[in-house]
Every structure is written in C-alpha cells, then in structure tokens.
Amino acid sequence: QSALTQPASVSGSPGQSITISCTGTSSDVGSYNLVSWYQQHPGKAPKVMIYEVTKRPSGVSSRFSGSKSGNTASLTISGLQAEDEADYYCCSYAGSGTRVFGGGTRLTVL
Amino acid sequence: EVQLLESGGGLVQPGGSLRLSCAASGFTFSDYGMSWVRQAPGKGLEWVSAISGSGSDTFYADSVKGRFTISRDNSKNTLYLQMNSLRAEDTAGYYCARIIAVAGHFDYWGQGTLVTVSS
C-alpha cells in the first residue's frame with residue numbers, strides 16, 4: 001500500500017491550464033478505472049472533483065477533467081481561477097476493498 | 001441533505017484506546033459503505049478503513065490492521081472506529097466519508113475529529 005506519486009506543487013496564472021499527474025502501479029491505478037480526485041481548501045474537508053477517472057459530480061465545474069494512461073492518472077484544470085488554489089489528492093482503488101491516496105499537490109494560482 | 005458528524009477525538013497516551021463515532025443523516029445509511037480517512041497535521045490524506053453497508057465486510061490499511069476495528073450500527077445510523085494500541089504516528093484528523101459501493105469514491109465527508117497521541 002505505497003502512496004501514489006504526485007508532484008508536491010504546481011502553479012499557473014489565471015486563465016491558464018495546469019495538469020497534475022498521479023502515478024501508481026499495475027496493482028492500483030493501472031488495474032482499475034477507479035481513480036478519483038479531491039480538492040481540499042485549508043481547514044476544510046476534501047471534496048470530490050473527479051471520480052472513475054473521467055466523471056464529474058454534479059455541481060463541479062467543467063473546467064475540471066480527468067484522464068488515465070497506463071499507471072498514471074491526470075487531473076487537468078482549465079481556465080484557472082483564484083478559487084482553484086487548494087491541495088489536490090488523487091485516490092485509487094487498490095483491490096480487496098482497499099484504497100491508496102497520492103501525497104497531494106498544492107496548486108498556487110499566481 | 002447528507003450530513004456526517006464525527007465525534008470522540010481527543011488526547012490519549014501511547015498504547016491507549018479511543019473510539020470514534022460518525023453520526024449520519026440525510027440518506028438511507030444501510031445502503032452505503034462507509035470509510036475512515038485520516039490526515040496527520042500538515043500532511044496528506046491516508047485511507048484507514050472501510051465497511052460495507054451491511055457491515056459484513058471490513059477492510060483496513062496495513063498501518064492499522066490488527067489495532068483498529070471499524071463497525072456500524074445501522075439502527076442508529078452511526079459508524080465507529082475503535083482504535084487500540086495507539087501510537088504517536090496515529091495522531092491525525094479523522095474523517096468519516098460515505099463511499100459509493102465497496103470500490104467507489106468518497107462522495108460526502110464529515111468535518112473530522114482530531115486524535116492526538118502523546119504522553
């Protein structure tokens with residue numbers, strides 16, 4: 001149950017697009033289309049932004065999108081806005097009812 | 001409106017025990033799996049445990065297996081986490097979260113309860 005690998009930080013200017021990668025193994029990300037992404041603002045509970053690799057919950061902006069290739073999943077945020085500044089975590093199902101999170105990525109909107 | 005309210009956190013000595021509770025409302029509790037996720041101060045999220053809607057299936061992270069026990073009382077709409085043999089590294093905010101199916105994502109989260117393990 002090793003953590004998925006995410007970049008510690010990414011940044012972008014308002015209006016730009018950024019992509020956060022999430023690298024796992026053939027036992028988690030590579031085996032299941034069950035990757036989800038969570039946004040967490042300081043002092044707040046996480047909020048799901050993407051689930052099952054590409055699906056967006058009702059109410060989440062279409063500026064958020066997800067994808068996966070092999071053992072790496074990605075979250076793309078287009079048209080960056082100040083309110084997008086937060087920590088982002090990926091999570092993958094890892095079999096036998098278990099899950100594994102990424103280490104988290106801090107997004108800074110310049 | 002789905003609501004999850006954790007309680008039971010606090011200060012405990014190493015080797016001690018604590019039981020967390022999560023009171024659920026706004027949905028048919030027994031229809032959903034539930035999970036605990038923790039976050040050490042200033043650190044990332046760590047999945048801890050999950051339980052099926054009926055309570056018949058339970059799952060644990062290696063880091064807590066044998067020390068923590070997840071359970072639920074569907075008549076009280078409440079999720080529990082019994083934590084024994086606590087260690088300093090168990091210090092974290094503990095969130096309960098609703099999960100979509102045993103393998104699904106976390107769609108609703110509580111606000112968390114803080115557990116501090118220290119002498």
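The values are calculated or read from the model by the stated rules, or taken from the named source; none is laboratory data. Please read all numbers here as calculations on a predicted model, not as lab measurements. Here the Cβ positions follow ideal geometry from the backbone for every residue, glycine too, while neighbour counts run over all protein chains shown. These area figures cover heavy atoms from the full protein model, side chains too; ligands, DNA and RNA do not enter into them. Shrake-Rupley method; radii C 1.70, N 1.55, O 1.52, S 1.80 Å.
Structure notes:
- Taking (1) within 24 Å of B:VAL12 (Cβ to Cβ); (2) out of contact with any Cys (no Cβ under 8 Å at 6 or more places or on another chain) in turn, B:LEU79 satisfies each apart from (2).
- Within region B:53-78, considering residues that are open to solvent by 10 Å² or more (accessible area, probe 1.4 Å) and facing another protein chain (nearest Cβ under 9 Å), the one farthest from A:ALA8 (Cα to Cα): B:ASP57
- Residue identified as open to solvent by 50 Å² or more (accessible area, probe 1.4 Å), among the small types (Gly, Ala, Ser) and in contact with a strand residue (DSSP E or B) (Cβ under 9 Å, 6 or more places away or on another chain) among B:ALA101, B:ALA92, B:ALA50, B:ALA40: B:ALA101
- Just one of the listed residues (B:LEU114, B:LEU20) is in a strand (DSSP E or B) and open to solvent by 20 Å² or more (accessible area, probe 1.4 Å), and it is B:LEU114.
Residues are listed down the side, and each one gets a yes or a no for (1) more than 16 Å from B:GLY110 (Cα to Cα); (2) away from every other protein chain (no Cβ under 14 Å); (3) open to solvent by 20 Å² or more (accessible area, probe 1.4 Å):
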position	(1), (2), (3)
B:GLY9	no, yes, yes
B:VAL12	yes, yes, no
B:THR28	yes, yes, yes
B:ALA88	yes, yes, yes
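- Listed by first and then second residue, the pairs linking a residue in region B:12-30 that is of a type in the set (Lys, Arg) to a residue that is not in a strand (DSSP E or B), with Cβ atoms under 9 Å apart and 6 or more places separating them unless they lie on different chains, are B:ARG19/B:GLY8.
One line per residue, one yes/no per condition, for (1) under 21 Å from B:ASP107 (Cβ atoms); (2) exposed (fewer than 15 other Cβ atoms within 10 Å of the Cβ):
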site: A:ALA8; (1), (2): no, yes
site: A:GLY12; (1), (2): no, no
site: A:SER17; (1), (2): no, yes
site: A:TRP37; (1), (2): yes, no
site: A:LYS47; (1), (2): yes, no
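- In region A:53-110, the residues that are more than 10 Å from chain B (Cβ to nearest Cβ) and β-branched (Val, Ile, Thr): A:VAL53, A:THR54, A:VAL60, A:THR72, A:THR76, A:ILE77, A:THR108, A:VAL109
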